[in-house]
Amino acid sequence: MPGGDRKNADHALMLALACGATIESAARKTGVSESTIYRRFKDAGFQRELAKMQSEMVQRATAMLTASTMEAAKTLLSLQDPSMPPAVRLGAARAIVDFGVKMRQLVELEERLGAMEALLKERGGK
C-alpha cells in the first residue's frame, strides 16, 4: 500500500475510532483489518494523533454547546412564566438553581486556579 493510501486509511480509521466505533466496526467501515488496527494502536504516533483528533472533536462540541448556552438560559427563564403549569415552572426553577450553583463553582474554581498560576509564575515556577 503506498504511503498516501496508508495515511488516508489511518485518517479514516482514527475518525471512526474517535467517533466511538469498536475495533470490529472500525475495521468494517474502513476496510482495515482488525489485526492492523491493533498494530496501529501500538504506534505512539498513531495514539497521539487519535488523542488529538478526539480532543479536537470535544473542543468543537464544547464550543457548539457554549454558543447555545444563552438560548438555553432564555428558554429556562421563559418556562418561569406564570402562565406555565406549576410542574414546568418547578422543573425550570430547579434547573436554574442547579446550573447557577454549578456555574458559580466553576467560576470560583477558575479564579482560584488563575490566582495559583499567577503566584507560581511570580515565584518563578518553583
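Below is a table of values for the structure above.
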| quantity | calculated |
| --- | --- |
| Only one of Ala44, Ala12, Ala27 that is surrounded by fewer than 10 Cβ atoms within 10 Å (Cβ to Cβ), more than 21 Å from Phe99 (Cα to Cα), out of contact with any Phe, Trp or Tyr (no Cβ under 7 Å at 6 or more places or on another chain) and hydrophobic (A, V, I, L, M, F, W, C) | Ala44 |
| Residues satisfying the stated conditions in region 38-73, i.e. among the polar types (S, T, N, Q) and more than 16 Å from Gly20 (Cβ to Cβ) | Gln47, Gln59, Thr62, Thr66, Ser68, Thr69 |
| Residue that is touching a Leu at 6+ places or on another chain (Cβ under 8 Å), part of a helix (DSSP H, G or I) and in the same structural domain as Lys7 (by TED's automatic domain parsing), where the choices are Met57, Met53 | Met53 |
| Checking Arg89 against (1) out of contact with any Asp or Glu (no Cβ under 9 Å at 6 or more places or on another chain); (2) over 30 Å from Asp5 (Cβ atoms), the condition it does not meet | (1) |
| Residue check, Leu65 at pLDDT 95 or above and in a helix (DSSP H, G or I) | no |
| Residue pairs meeting the criteria (Cβ under 6 Å; at least 6 apart or on separate chains; first among the charged types (D, E, K, R), in region 75-92; second modelled with pLDDT of 95 or more and loosely packed, with under 14 Cβ neighbours inside 10 Å) | Arg89/Gln80 |
| Flag for Leu109 being among the aliphatic types (A, V, I, L, M) and touching a helix residue (DSSP H, G or I) at 6+ places or on another chain (Cβ under 7 Å) | no |
| Residue within region 83-91 that is modelled with pLDDT of 95 or more, surrounded by 10 or more Cβ atoms within 10 Å (Cβ to Cβ) and either among the hydroxyl-bearing types (Ser, Thr, Tyr) or not in a helix (DSSP H, G or I) (or both) present | yes |
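The values are calculated or read from the model by the stated rules, or taken from the named source; none is laboratory data. This is a predicted model, so every value here is computed, not measured. Neighbour counts are summed over all protein chains in view; Cβ atoms, including those assigned to glycine, are modelled from backbone coordinates with ideal geometry.
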